[in-house]
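Reading through the structure tokens given below for one structure.
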Amino acid sequence: MGKKILHIGLFGLGTVGGGVVKLLSRMKNENNKDYEFILDKVAVKHPKKRRSVAISPHLLTDNPQEILENPKIDIVIEAIGGINQSKKIILQALRNGKNVITANKALLAKEGELIFNEAIRNNCYLGIRASNNAVYRLAENLIFSPFKMKKLIGIFNGTSNYILTQMERKREDFSSALKKAQAIGYAEQNPSDDVDGYDTANKLIVLIGLVFGYFIPAESLFIEGIRKISYKDILFAKELGYKIKLLAIAQRKGEELEVRVHPALLIRDKGIARLNGIENGVEVRDEIGVEVGMQAPGAGKYPTAMAVLEDLVYIANGRKTSFPWQKKQLNLKDMNEIKTEYYLRFNVLDRVGVLAKISGILGNHDISINSVIQKGRGKGLNNAVSIIMLTHKAKERDIQNSLREINNLPIVREKPLLIRVEEGIC
């Protein structure tokens, strides 16, 4: 049996596409005896644009149909991002019998059910490892495991993790750490997808789709980013024995599924709390108590491009797409009904009775206080101090109602801050 030769059409030559071209060139020089990948065409908006990656001009085209209607091309790699154009490219490629690889988690989160159905209908492979490189291998194990996932917590965004790490190590505020992340290419000029939690939410939706067989509408998720986190919160959390991380959380109880994305305090030096910089990772516990964890780089072109190449190898080995469709969807738990512990920071006037007043309101809402720290004494015209509280487990609705009441007190100088506290798994 001779060497298997597969022809590739690539859409996009940005960060991910450029990384794929470089790694394909490197693979070509390795002279693999089993298979060979040949890059036939690269579709870009501006073929004559000067680029950082070396590529022969005859490979470039601004006509997508030169790839999609070319019977010689076996595999389409979508690396342009966005929703509408990428969706059209992927669906047409699958309908034309071409295997598809994409890193587009935003598209998969929104149209995953349609795209997976199309891949299965046309007996094609849909490679999505690069959409969440940190957990995809683990997701494959979860899909085929006879035991259902019970709880998952993950750090899915390298940009946010880098910013939080910088804030702690360099004693910087959020805006300063963000500017550094942008300067070195870890954050976009518009960083909203990363720092406001949407990228993490998209990855979580795709992972839940892979594990449970249906894709949750993004609007049904609770999503909160890291913009409100200050250096002093990171400092206070450290004093209390915690680190602040942006987490993806999914928990199943019977036929109910709890799904959320937000910053949270994790016990320092344990599990994924130890991941710093652009590292991503995930911890999972199944219904019989087995706990597993995994970590991987979460930013940069080469980790993503390597995930694309892994899917190429799967295609070369004849893999096709399977998907665990669910006949019955799980019920999504209302965010107001979740129970967890909370970190609360109040900026209040330094007066006698303030602590008692706040504690009394919390108590009236069935919230029990675990510990309290008051930092310094009030000075100057503001005469304000920070009071930090850790609560025992409480219901989200009760916490939110109590904070609204506390915020209306004349002794409060700024809106109280809430950060949830999560138990790790591993």
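Check residue 321: other-chain or 5+ apart residues with amide H under 5 Å from its amide H, H built from backbone geometry?
The list, which skips near neighbours in sequence, is 124, 125, 126.
Looking only at 303, 191, 71, which one moves most when the chain is put into a Gaussian network model with springs between Cα atoms under 10 Å?
71
Can you tell me the orientation of helix 301-316 relative to the chain, as the angle in degrees between its alpha-carbon axis and the longest Cα principal axis, to the nearest 10?
50 degrees
Enter the angle in degrees (range 0 to 90, nearest 10) between the Cα long axis of helix 15-28 and the first principal axis of the Cα atoms of the chain, meaning the one along which they spread out most.
Its long axis makes an angle of about 50 degrees.
Sorted by average packing, counted as other Cβ atoms within 10 angstrom per residue and highest first, what order do 234-246, 196-208, 329-341 take? Could you put the intermediate results ahead of the total?
Values: 234-246: 19.2, 196-208: 25.9, 329-341: 14.8.
Ranking, from highest mean packing down: 196-208, 234-246, 329-341.
Hey, in the GNM for the chain with a 10 angstrom Cα cutoff, which one of 59, 178, 221 fluctuates hardest?
In the Gaussian network model the winner is 59.
Would you mind checking the tilt of helix 158-170 against the longest principal axis of the Cα atoms of the chain, expressed as 0 to 90 degrees and rounded to 10?
Compared with the principal axis, the helix lies near 40 degrees.
Could you identify which residue out of 18, 112, 318 has the top mean-square fluctuation in a GNM of the chain using Cα springs shorter than 10 Å?
318
Roughly speaking, what is the stretch gain from residue 411 to residue 347, that is 0.36 nm per residue apart minus the C-alpha to C-alpha distance, in nm to one decimal?
Details: separation 64, 0.36 × 64 = 23.04 nm, distance 0.87 nm.
That works out to 22.2 nm of additional length.
Kindly state, to the nearest 0.05, the FRET efficiency for residue 36 paired with residue 63, given R0 = 25 Å and r defined as their beta-carbon distance.
Numbers: r = 26 Å, r/R0 = 1.03.
Between residue 36 and residue 63 the formula returns 0.45.
Just to confirm my numbers, what's the Cα centroid distance between region 186-214 and region 391-426 in Å?
Each part's Cα centre sits 25 Å from the other's.
Read-outs: derived from the displayed coordinates by stated rules, not from any lab. What you see is a predicted model; the values in this text were computed from it and never measured. Here the Cβ is made from the backbone with ideal geometry for all residues, glycine too, and neighbour counts use every protein chain on show.
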